[in-house]
Ligand code: SF4
Ligand code: SF4
């Protein structure tokens, strides 16, 4: 219903599925029928995705957003025809950029893995209503995006502090936390999508979870040492 519903995950999933281009059509900016103005969000999201595409070596012209009213069938036909023609000129995704299929799959997988984190880190910036082309230009910089990837955080449960209350394991959206009754909990770093939920729900009195930035995560405690004995 609304272009504001288009998530970066939809865009990168389409590319991962071999689509050569992604087109998003939204209502004219500032003419939202409701109060949400989700099309500004769509624009902002596209600008962010384009920078991420550059970061992983993809031509950002493979992604386009255009705004038009439902009465402008002629505009829709023109922009879609133009987009299809330009995408054909670009050639097959990855191949045209000199990236092998395997490498492209791996780069897209890394981006998709980090999308919840990226959305969280950029949430304030994503709310902005960019009113002019000048405001779009440079809204997200290459340095900012490079940093986003190089300084991605990790989450760690301190085995000395975890009291096995199980809150984090219950709330983790991707079942990345291994634990159970009476067991020190451990985060599976490969599964973790860095959503920050566990840090928010771990009771303050335990404070067992920390965010690690640009540093290695300590090895997980061995399975045989995870049982919490009474009094600990
Ligand atoms: S940050 Fe915590 S809750 Fe979120 S995915 Fe990672 S382990 Fe799960
Ligand atoms: S919420 Fe905190 S104390 Fe509870 S199991 Fe998770 S890490 Fe341990």
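The values are calculated or read from the model by the stated rules, or taken from the named source; none is laboratory data. Bear in mind the structure is a predicted one, so any value in this text is a computation, not a measurement. Glycine also receives a Cβ, built like all others from the backbone with ideal geometry; neighbour counts cover every protein chain displayed.
Worth pointing out:
- Per-region count, segment 169-210, residues exposed (fewer than 12 other Cβ atoms within 10 Å of the Cβ) and under 19 Å from residue 113 (Cα atoms): 3
- Of the residues examined, residue 154 is one that is closer than 30 Å to residue 221 by Cα and near ligand 1 (Cβ under 10 Å from one of its atoms).
- The criterion of at least 1 residues that are in contact with a helix residue (DSSP H, G or I) (Cβ under 9 Å, 6 or more places away or on another chain), within 13 Å of ligand 2 (Cβ to nearest atom) and within 10 Å of residue 154 (Cα to Cα) is met, among strands (runs of 3 or more DSSP E) falling completely within segment 171-216, by 183-187, 209-213.
- Close Cβ contacts (under 6 Å, 6 or more residues apart or on different chains) running from residues in segment 37-57 that are outside the structural domain of residue 12 (by TED's automatic domain parsing) to residues that are surrounded by fewer than 20 Cβ atoms within 10 Å (Cβ to Cβ) are absent.
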